[in-house]
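Read through the structure below, which is laid out as structure tokens, and then see the notes.
Bear in mind that the values in this text are calculations on the coordinates, not laboratory data. A quick note: this is a predicted structure, and the numbers were derived from the prediction, not measured. Positions of Cβ are backbone-derived with ideal geometry, glycine not excepted, and every protein chain shown enters the neighbour counts.
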Amino acid sequence: MQPYELGVEESLRALEGGTLSSVELTKSCLERIEKVDDDIGAFISVDREGALMAAEAADRNRSAGSAGSLCGVPVAVKDLLNVKGLKNTCGSKMLENFISPYDATSVTKLKQAGAVIIGKVSMDEFAMGSASETCAFGAPRNPIKKGYVTGGSSGGSAAAVAALECAASLGSDTGGSIRQPASLCGVVGMKPTYGRVSRYGLTAFASSLDQVGPFARNVADCARMMQVISGWDEMDSTSVQQSVPDFPAALTEGLSGMTAGVPKEYFTAGLDPEVEKVVYNAIEALKARGAKIVEVSLPHTEYCVAAYYIIASSEASSNLARYDGVVYGFRKEGENLLEMYKNTRSEGFGAEVKRRILIGTYALSSGYYDAYYKKASQVRTLILNDFKSAFTKCDFLVSPVCPTPAWKQGEHKDDPLAAYLSDILTLSTNLAGVPGMSVPGGVTSSGLPVGVQLQGTHFAEETLLRAGWNLEQELQLPAGKIDI
Amino acid sequence: MNMKISQEDVQHVANLARLRLSDEELVTMTGQLDTILSYVEKLDELDTTGVSPTTHVFPLSNVFREDIVRPSLEQQEALENGPKTDEDSFLVPKII
């Protein structure tokens, strides 16, 4: 077994036992990246020097008896979370040469825990997309099957973990961008409760929906990552003053006394039969672990796509107004200020970003605000109430993550609405601000991974981790076979 | 055909968003926006009379702190990512 094959907990055991140093582990991951990443395309930039320096420091700290809880473990970071001194491209030509002058809080927390940041990973441009194909620097591909998408927008974060290029990674989830690529690549991914993890230093897409979260090879690794990155931050006034539980301690044997709700609206036409089969199998596994299963209803699910694309695009149109070619980022000169703005934004942004800016600007423009943004925000209340009502009947929800397994690269290119509709099972989570996770549930007959989505009430990450861990223990899936 | 949005509308919104669309982009975007906005009409099926809008899932309140000077980004660091700068400022095309 090569060091790069180790997950977070396995790495820590080897590092603690003294059979492996962080320098050896980091070098092993760097060699792995060198060997496979031209093909996988998970990384936008690799920080070889910085990673080796951090690994040396981790080894020194460990021998001095001051090892943090991720001391020496190599992790990757989605290229929209600022890491001081590294590029933060957001997958956009607009920020191709932007170098972060500071660390995002989640990154600071990783560094304080001793993690080795190995590089920045690929994503849809400004996190807008469901396949990582809107990235200005080329799309990553699914490590489990050549020619298939990773999902998105955190496709690089999922692919890097699935292809064994690092032990874990950070991504962000605005409408499914952690859970969906985790599902499609066969890894664990968690979107925490809105406000659980600081958004400081996360490049904003839709501020009322964005949340930072981890990718890992298993639930225990995910729990440890969650432990490190969670918590109130004075730099993010929307982070919530809520104590952080001991997440790894939540992974206890059995689910007796717990009720899993199956939202009937998530099992409708358009759901791939092979995905459905995997999810029903997972429901049986939860039952075998002692969970009671009940059917619940989230009646406004069919409206989430419409509400989401108005709200997210509106917030994006406002957030992305900052890219004007003045204080940072790309600039294309013009004969006056207005022309400079227009030239910069027209050349700097890709088509999907422009489309969403246009939708958002339209929805917020004079005369249309009530019909679009206000209406969507009211429907958001109805969606939130659906969840509140469902969680009076169950402790967590179990469902598919995405109606289909990974699709072929390039397949959704010319039909944005079709791509938006594929997000129907993950968008409500963000609109309601509740936590959600994807846990591998099995594979299709052609070997494509399928994740199982668990959703909980606000701040119920422990419940999800416990349910996810029990699911993982019960299913005992073999490690995904990497197609290289 | 009953279009939700015309090319003129898209042109107007693009101008508000400081985007310039080529003739080809204008045609494509108008078609796609029309499809998306027609789909969004689905929300009108719901009676939302009296439903208060949710803009944040948790009630937000002002966060106060003492107004104390703290270190922040140094001027030179702030200028480093500027596309066009001189010693101590960002340069833009002449405004006045």
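Here are the numbers for this structure:
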item: Cα convex hull volume per residue for region A:247-358 (Å³); result: 183 Å³
item: For region A:313-381: rounded, prolate or oblate by the Cα gyration tensor [a/c cutoff 1.5]; result: prolate
item: Cβ crowding within 10 Å averaged over residues, with A:104-115, B:3-14 ranked highest first; result: A:104-115, B:3-14
item: Most positive-pole-ward Cα, A:Ala131, A:Ile117, A:Ile33, against dipole of region A:1-131 from beta carbon charges; result: A:Ile117
item: Top of B:Thr55, B:Thr85, B:Thr30 by mean-square fluctuation, Gaussian network on chain B, Cα under 10 Å; result: B:Thr85
item: Under 12 Å, Cβ to Cβ, from A:Ala260 - net charge with Lys/Arg +1 and Asp/Glu -1; result: +2
item: At R0 = 60 Å, FRET efficiency that the Cβ-Cβ distance of A:Gln473 and B:Ile96 yields, to 0.05; result: 0.30
item: Whole-number D in µm² s⁻¹ for region A:421-484, Kirkwood Cα-pair radius fed into Stokes-Einstein, 25 °C, 0.890 mPa s; result: 186 µm²/s
item: Inter-chain shielding of A:317-329 (mean C-beta neighbours from other protein chains, 10 Å cut-off); result: 3
item: Beta bridges by DSSP in the protein assembly as shown, antiparallel share as percent, to the nearest 5; result: 65 percent
item: Residue-averaged beta-carbon neighbours from other chains (10 angstrom radius) around A:450-461; result: 0
item: Rounded FRET efficiency, nearest 0.05, which uses the C-beta distance separating A:Trp232 from A:Ser69 and R0 of 30 Å; result: 0.95
item: Nearby lysines by direct alpha-carbon distance to A:Lys332 (threshold 23 angstrom, same-chain neighbours under 8 apart not counted); result: A:Lys87, A:Lys93, A:Lys342, A:Lys354, B:Lys84, B:Lys94
item: Two-site label geometry, A:Ser389 and B:Asp86: point separation in nm, points 7 Å out along Cα→Cβ; result: 6.5 nm
item: For a label point 7 Å along the Cα-to-beta-carbon line of A:Asp272, residues of region A:421-446 with backbone N under 11 Å; result: A:443-446
item: HN-Hα J in Hz across region B:71-81 - Karplus 6.51, -1.76, 1.60, θ = phi - 60°, x for Gly and Pro; result: x, 9, 4, 5, 3, 5, 5, 5, 7, 4, 8
item: Kirkwood hydrodynamic radius over Cα pairs of region A:178-260, then Stokes diffusion coefficient at 25 °C and 0.890 mPa s, in µm²/s; result: 175 µm²/s
item: Residue list for region A:222-238, given a label point 7 angstrom along the Cα-to-Cβ vector of B:Phe58 and an amide N cut-off under 13 Å; result: A:230-238
item: Peptide-level mean, for B:17-25, of C-beta atoms on other protein chains within 10 Å; result: 6
item: Cubic angstrom per residue, convex hull over Cα atoms of region A:158-226; result: 81 Å³
item: Kirkwood hydrodynamic radius of region A:364-484, from inverse mean 1/r over distinct Cα pairs, in Å; result: 16.8 Å
item: Theoretical FRET efficiency, 1/(1+(r/R0)^6), r = Cβ-Cβ of A:Glu49 and B:Asn2, R0 56 Å, to 0.05; result: 0.40
item: Net +/- balance of residues flanking A:Ser297 in space, Cβ distance below 11 Å, scoring K and R +1, D and E -1; result: -1
item: Burial order of peptide ranges A:180-192, A:277-289, A:253-265, A:63-75 (average beta-carbon count within 10 Å, highest first); result: A:180-192, A:63-75, A:277-289, A:253-265
item: Computed [θ] at 222 nm, deg cm²/dmol, chain B (DSSP H ≥ 4; -39,500 (n - 2.57); rounded to nearest 500); result: -11000 deg cm²/dmol
item: Label-point separation in nm, A:Ser256 to A:Ser446, each point 7 Å along Cα→Cβ; result: 4.4 nm
item: Simple label model, 7 Å out from Cα along Cβ direction - B:Ile68 to A:Asp415, nm; result: 5.9 nm
item: Convex hull volume of region A:343-403 per residue (C-alpha atoms, cubic angstrom); result: 131 Å³
item: Relative intensity, log₁₀ I(q)/I(0), of chain A from a Debye sum that treats every alpha carbon as a point, q = 0.08, 0.12 Å⁻¹; result: -0.42, -0.99
item: Region A:78-128: C-alpha gyration tensor shape, a/c 1.5 cut-off, then a/b vs b/c; result: prolate
item: Radius, Kirkwood style, for region A:41-188 when every pair of distinct Cα atoms is counted (Å); result: 15.0 Å
item: Per-q log10 I(q)/I(0), chain B, q = 0.18, 0.22, 0.25 Å⁻¹ (Debye; single scatterer per alpha-carbon; no solvent); result: -0.95, -1.10, -1.23
item: Ordering of A:2-14, A:354-366 by burial proxy (mean other Cβ atoms within 10 Å per residue, highest first); result: A:354-366, A:2-14
item: Whole-Å distance, taken between Cα centres, linking region A:368-429 and region A:17-76; result: 37 Å
